[in-house]
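Everything on this sheet refers to the single structure shown next.
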Amino acid sequence: MFSYGVSRMIAKSIYVMLSGLPGSGKSTARSFLRKMYRINYIASSDDIIERKCKADGITYNEGFSKYIESSQTQLNRNMNSALADGLNILDDATNLTKHGRFNKLNIIPKSYFVICYYFPTPEENEWRLRLNSRPGKTIPEKVLENMKGYFVMPSIEEKFDMVFTVNGMKK
């Protein structure tokens with residue numbers, strides 16, 4: 001089975017989905033995964049929001065509600081183009097629920113090899129340090145608690161060809 005999966009991966013475009021709460025290490029792993037899989041496109045609404053905020057000279061917190069909708073629209077357009085071109089894609093979002101992951105995976109062509117990297121939430125003290133180390137980018141406590149509550153760990157049954165758990169990501 002493993003050799004079958006590897007040969008399929010070599011012959012196809014790759015879609016890498018990251019899954020985990022904010023502060024779990026997803027974005028920290030991006031540059032490593034980008035090189036490893038020769039990623040051509042990183043799908044991240046946060047990146048789009050941050051670029052728009054930087055252009056306006058405001059923080060992420062100040063621009064989030066202003067730009068979230070247009071950034072999501074732009075991300076969807078960019079994703080459709082990247083998929084049509086057969087680019088290797090890294091999806092850098094929380095991807096917390098089975099339903100949300102299903103909706104994304106449903107548009108990925110069968111020609112893609114689909115991998116998920118799950119980032120467990122670090123111990124409370126480490127997690128809080130990471131969350132607090134992002135000036136101008138905070139998530140309300142209530143939102144974090146809700147995210148924890150509806151998170152479902154990704155599994156191979158969700159149309160992933162492989163699922164990996166990443167422990168101990170540090171900047």
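Computed values, structure above
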| read-out | value |
| --- | --- |
| Matching entry among 147, 169, 162 (being modelled with pLDDT under 90 and under 16 Å from the mean Cα position of the chain (by Cα)) | 169 |
| Whichever residue in region 89-112 is free of Cβ contacts under 8 Å to residues at least 12 places away in the same chain and under 25 Å from residue 50 (Cβ atoms) and, among such residues, is least open to solvent (accessible area, probe 1.4 Å) | 100 |
| Extreme residue, most open to solvent (accessible area, probe 1.4 Å), among residues of region 113-132 that are part of a loop (DSSP other than H, G, I, E, B) and touching a residue at least 24 places away in the same chain (Cβ under 8 Å) | 121 |
| Top-ranked residue in region 140-167 [being within 26 Å of residue 62 (Cβ to Cβ) and in contact with a Leu (Cβ under 7 Å, 6 or more places away or on another chain); ranked as surrounded by the most Cβ atoms within 10 Å (Cβ to Cβ)] | 147 |
| Qualifying positions in region 52-86 - buried (at least 18 other Cβ atoms within 10 Å of the Cβ) and not in a helix (DSSP H, G or I) | none |
| Qualifying residue in region 12-24 (condition: under 23 Å from residue 130 (Cα atoms) and open to solvent by 80 Å² or more (accessible area, probe 1.4 Å)) | no |
| Some residue of region 16-28 being of a type in the set (A, V, I, L, M, F, W, C), modelled with pLDDT under 95 and not in a loop (DSSP other than H, G, I, E, B) | no |
| Tally of residues being touching a helix residue (DSSP H, G or I) at 6+ places or on another chain (Cβ under 7 Å) and in a loop (DSSP other than H, G, I, E, B) across region 140-169 | 6 |
| Subset of region 27-51 [open to solvent by 40 Å² or more (accessible area, probe 1.4 Å) and of a type in the set (S, T, N, Q)] | 27, 28, 31, 40 |
| Which numbered condition residue 136 misses (of (1) within 23 Å of residue 50 (Cβ to Cβ); (2) of a type outside the set (Phe, Trp, Tyr); (3) modelled with pLDDT of 95 or more; (4) open to solvent by less than 50 Å² (accessible area, probe 1.4 Å)) | (3) |
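The values are calculated or read from the model by the stated rules, or taken from the named source; none is laboratory data. Please read all numbers here as calculations on a predicted model, not as lab measurements. Quick reminder, even Gly has a Cβ in these numbers, built from the backbone with ideal geometry, and neighbours come from all protein chains shown. Surface accessibility is based on the protein's heavy atoms, side chains included, excluding ligands, DNA and RNA. Shrake-Rupley method; radii C 1.70, N 1.55, O 1.52, S 1.80 Å.
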